[in-house]
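Chemist: One structure, pasted below without further comment.
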């Protein structure tokens, strides 16, 4: 079979125009999902005739090739291996195909995509920095003047070494961003890293040192204009004043000016001044520069002859991008970042802690909108200060802890065992800084807990601003925030106040709605009368398939999915469910469980092969509405609970909950008879005749 899968991958690769014509590749439970760069290169006849393929169609910008459960994953592995194609997700394929959203939304998403992969590096450095700086600040002696602090750890070899490790990702952050951004924008990651290196080069004046250099130049006599050209008379005059020795213009070099405390510049064509400064602590300029780099690189790949591409494209890409970065992108977007930071500093500086309260209340909404990653840029700039003072991080911590507190309040008040099971781990996750499960799974759907969490975040932000609390690193919030906070006592007060306010307000506001109460009653009834016995009809026998869900059994050819409606996967029925429990339609063995929980395959004791596919395009929900109860290889009885599906969550995500029950080996039977109409889980819906 391995040879068959390899041949299938080989044929489909050739049919679509080769691996270079693939923008994104992913698979779900039944089909290979491809985003194609140039549709004109696809031979649809060859796709139709490809080995093991059961059909194909194009939808939402994707070419979807049907292989079926148990086969598609093996063909996909071979497809990626033979084509040297990076494994993607269905979300990747969907994003590449659709490219939905307005320019601002796409820009914010791109910024998040750039930062998410490098967060572990930031967290690692942040944790080490928190430990080393925290210990160093805690262990000190006062000098005889009663003011100067002597830190013995600064002379400890272990501390020196680990402290060097701790700020590595911050010192060279632009290189990490350059590499990650190139991957997001579809360019060469290593060229992206080079752009980051250019902006971080040791030959440029370190951006963190510039304020001191500017002050030194401004107070010099005669004043030195940092925008004057290297080698100019004014630069020589300033150097003479600084050094006390006569300096000629020809000796007013970059090294001489830098050593004397000035900011060096060069002039291109005698018209374009370029300040030779690095961009340490800056984020957006690197992202924009690498985006431009990727545009240039792709254009050159498309227009430079193949025999010259290896030499011309990298050279021109780096040269043009580097010049554009130093002349235009760096200065403009550094100024933009400066104004953004000044705005938030202004906000946080509002009297009586009002700015902190507003920032805390706003932050949860930025998470909901998916724009919260933009604050990484703000925090990077704040940490780049000397000393590092990130006064936004404690506010984020308060907001995250408040989401967790709201979850705990829901856990206490709800009667639903399912909601309790979701609220408790989501609350714990929030205390560790991960709030998406709490927001999307518990608080936002119920609305009132989210309101409680926003209020708690505002209280925490208020106190943080009043205290003047700040952190010395970023990327860490919640309980781990103790490692980077400048004041543990004040930090404790802030997060406890945020937790308490959120918990109390949520306890007052929240109560189970009628739907949740009804679900809790059903859960209790199921505990009293397990579905394994109560839900299975007495007429279950060999060569029959019972309904896995309660609802309306309909003709599968009417469902709004061309694969299932065409019966390409096999014949069967579809169910419009009214309850979320998915039960085994046959007795046998579980052959496959999708990682996202939306599909399960079974082999019945009588040889019938069944695929249950819950909802349409629900693979894109990343498993959030599904709670899997079984694993591949398990032996089950008809009527045994396989998956709990949250129908409300599926519908809220804009996906049909229509569930397909497919006999994938339909060809083994002479006829398939269906029973349409209202059905209860366990009632016979399909009869198979030999």
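The values are calculated or read from the model by the stated rules, or taken from the named source; none is laboratory data. As the structure is a prediction and not an experimental result, all values here were calculated from the model. All Cβ positions, even for glycine, are placed from backbone atoms using ideal geometry, and neighbour counts span all protein chains on display.
Chemist: Here are 336, 291: which of them is modelled with pLDDT under 90 and in the same structural domain as residue 176 (by TED's automatic domain parsing)?
Modeler: 336
Chemist: Tell me yes or no: at least one residue of the range 588-606 is modelled with pLDDT of 90 or more, in contact with a helix residue (DSSP H, G or I) (Cβ under 9 Å, 6 or more places away or on another chain), surrounded by fewer than 23 Cβ atoms within 10 Å (Cβ to Cβ) and not assigned by TED's automatic domain parsing to the domain that holds residue 54.
Modeler: No - not one qualifying residue is present in the range 588-606.
Chemist: Also, I was wondering about something else. Do we find that residue 34 is at pLDDT 80 or above, in a strand (DSSP E or B), touching a helix residue (DSSP H, G or I) at 6+ places or on another chain (Cβ under 8 Å) and buried (at least 17 other Cβ atoms within 10 Å of the Cβ) in this structure?
Modeler: yes
Chemist: Please state which one of 491, 474 is touching a strand residue (DSSP E or B) at 6+ places or on another chain (Cβ under 6 Å), within 24 Å of residue 392 (Cβ to Cβ) and in a loop (DSSP other than H, G, I, E, B).
Modeler: 474
Chemist: Does residue 445 satisfy being in the same structural domain as residue 392 (by TED's automatic domain parsing), at pLDDT below 90 and either buried (at least 23 other Cβ atoms within 10 Å of the Cβ) or assigned to a helix (DSSP H, G or I) (or both)?
Modeler: yes
Chemist: Another question, if that's okay. Going through 220, 182 one at a time, which residue ends up being at pLDDT 70 or above and touching a helix residue (DSSP H, G or I) at 6+ places or on another chain (Cβ under 7 Å)?
Modeler: Every option except 182 fails the conditions.
Chemist: Would you say residue 14 is over 25 Å from residue 620 (Cα atoms), free of Cβ contacts under 8 Å to residues at least 24 places away in the same chain and not in a strand (DSSP E or B)?
Modeler: no
Chemist: In a loop (DSSP other than H, G, I, E, B) and either at pLDDT 90 or above or within 30 Å of the chain's Cα centre (by Cα) (or both): is that true of residue 576 in this structure?
Modeler: Spelling it out, it is not the case that residue 576 is in a loop (DSSP other than H, G, I, E, B) and either at pLDDT 90 or above or within 30 Å of the chain's Cα centre (by Cα) (or both).
Chemist: Can you confirm whether the range 619-628 contains a residue that is crowded, with 21+ Cβ neighbours inside 10 Å and part of a loop (DSSP other than H, G, I, E, B)?
Modeler: yes
Per-residue answers, yes or no, for (1) within 17 Å of residue 407 (Cβ to Cβ); (2) buried (at least 24 other Cβ atoms within 10 Å of the Cβ):
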{"residue": "468", "(1), (2)": "no, no"}
{"residue": "477", "(1), (2)": "yes, yes"}
{"residue": "482", "(1), (2)": "no, no"}
{"residue": "490", "(1), (2)": "no, no"}
{"residue": "496", "(1), (2)": "yes, no"}
{"residue": "500", "(1), (2)": "yes, no"}
{"residue": "506", "(1), (2)": "yes, yes"}
{"residue": "512", "(1), (2)": "yes, no"}
